[in-house]
C-alpha cells in the first residue's frame, strides 16, 4: 500500500511517499480502502516537532487521523454487514497517526457508517472539526441575538462554528484575512473583519453597534485573541480552542473576573462524548442543515504542498488528501 512516512521531525519535505505491506484484518478489525484523508493544523504541528505532549508521537510514524472509504475486508468477530460499507473514522492504534495511507486498519468502535445522502469528502471534513464545533457550542452556548466572533472564521472548524452559530440566531462576525475569505464568510451568513488590519478591534466594535461582543471563539490566540477579549462585554464568554499564532491567548485576572473563560484545556474533556457528536453532525449534514466547506484537495503524493499551504494560510475550509 502507499503511505506517507515521517522519519524525523522537520519541514514539509520530511513527508515521504513509501510503499508498505498491505494490512490484514485481525480478529475484531476491518480494513478500509481509503478515498479521502483529513489534513489539519495538528498534523503540521506534530510533523514540525511541536505537537501536544498528550499525543506522544515519535518518528518514524505515518501522520493523520480522519479517513473515509469503503470496508474491503473484515476479521473474525466483525459482522459481515460491515463489508462494503462506506465509513469514516480513525485507524486503530492510538489517539493519532496512521491516516495518510490508501489502506488502513480500524475497528467497528473507531468508525461510523456514512449516511446515504452524504459524500465521503464531507464526512471526512466533519469527523474531527464537526464534532469539535458542536462540543465548543455545548460548552459555550450561543443564543439568539448574541454578537459572536469566530476567528479564524472560514477554516475547517471555523466555517462549521459560523454555520452553527448563525443557525442559533446569533449575529456572527468571522475573523478572516483577504477578500476570498471575506466572500466565503458572507456566503455562510456572517459579517467579516480582517484581523490583520491594525484597527480591526475598532471595526469589531463598529459591527456590534458599539456594544461589544457577547461571545468569542478563538482558534488563533496571541495578540489576536487578546484584542478580541478586550471587545467582550462584561459577562461575555470566551472559548479558546486553538493557537495558530503559536501561543494561547493570555487573559489577565481582571478579565477573568468579568468574563466566563474556557481555554484549550477543554478539548480533552470532549473526547469521551465525541461518538454522539460525530453521529449528530453526520446526520445534520446528510439532511442538508450543515455543509462543510472543502477547500483544496491534493493527491496523497502531494501532501508536502498541503502542509506548506496550511502553514502559509493559503486555504479555506477543510484540506483533504485524495488517494
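Compute the FRET efficiency between residue 72 and residue 273 as 1/(1 + (r/R0)^6), taking r as their Cβ-Cβ distance and R0 = 25 Å, and round to the nearest 0.05.
Numbers: r = 30 Å, r/R0 = 1.21.
Efficiency, from the Cβ-Cβ distance: 0.25.
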- Relative contact order (percent, whole number), segment 234-323, Cα cutoff 8 Å, 6+ residue spacing: 23
- Angle between the Cα long axis of helix 129-139 and the longest principal axis of the chain, 0 to 90 degrees, nearest 10? 40
- Item | Extension reserve of the residue 109-residue 223 stretch, reckoned as 0.36 nm per residue once the Cα distance is removed | 37.0 nm
- Message: Quick check for you: which residues of segment 230-251 have the amide N under 13 Å from the point 7 Å beyond the Cα of residue 143 toward its beta carbon?
- Response: 235-237
- Item | Label-point separation, residue 179 to residue 250 (7 Å along Cα→Cβ), nm | 3.7
- Note on the structure: GNM on the chain, Cα springs under 10 Å; top mean-square fluctuation among 33, 56, 75 goes to 56
- Which stretch or stretches of segment 6-48 have amide N atoms under 18 Å from the point lying 7 Å from residue 311's Cα along the Cα→Cβ direction? 6-17, 39-48
- Computed over the chain: longest principal axis from alpha-carbon atoms vs helix 274-286 long axis, angle to nearest 10 degrees, is 80
- Item | Mean residue ellipticity (222 nm) of the chain, computed from DSSP H runs ≥ 4 via -39,500 (n - 2.57), nearest 500 | -8000 deg cm²/dmol
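Let me have the relative contact order for the chain, percent, based on Cα pairs under 8 Å that are six or more residues apart. Don't skip to the end; give the middle numbers.
On the way: 718 pairs, mean separation 58.9, N = 323.
That works out to 18 percent.
Fewest Cβ neighbours within 10 Å first, please rank 131, 196 accordingly. Walk me through the numbers on the way to the answer.
Working: 131 23, 196 11.
Starting with the residue having the fewest Cβ neighbours, the order is 196, 131.
Multiplying the sequence separation of residue 296 and residue 283 by 0.36 nm and subtracting their Cα-Cα distance, what value in nm do you get? Before the final figure, lay out each step's value.
Details: separation 13, 0.36 × 13 = 4.68 nm, distance 2.40 nm.
Stretched fully, the residue 296-residue 283 segment lengthens by 2.3 nm.
With 10 angstrom as the radius, rank 310, 251 by how many other C-beta atoms surround their C-beta, starting from the fewest. Write out the running numbers ahead of the final one.
Details: 310 22, 251 17.
With the fewest neighbours first, 310, 251 line up as 251, 310.
With both bridge residues required to lie in the chain, what share of the DSSP beta bridges run antiparallel, to the nearest 5%?
Beta bridges within the chain, antiparallel portion: roughly 55 percent.
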- Task: Using only Cα atoms, tell me the angle between helix 158-167 and the longest principal axis of the chain; keep it within 0 to 90° and round to the nearest 10.
- Result: 60
- Item | Order of 181, 318 under a 10 Å beta carbon neighbour criterion, fewest first | 181, 318
- Distance from segment 235-277 to segment 34-91 (C-alpha centre basis), Å: 26
- Mean separation of Cα contacts under 8 Å, 6 or more apart, over the residue count of segment 1-55: relative contact order %: 35
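Just so you know, all these numbers are worked out from the coordinates, no wet-lab data involved. Quick caveat: nothing in here was measured; it's all calculated off a predicted structure. Here the Cβ is made from the backbone with ideal geometry for all residues, glycine too, and neighbour counts use every protein chain on show.
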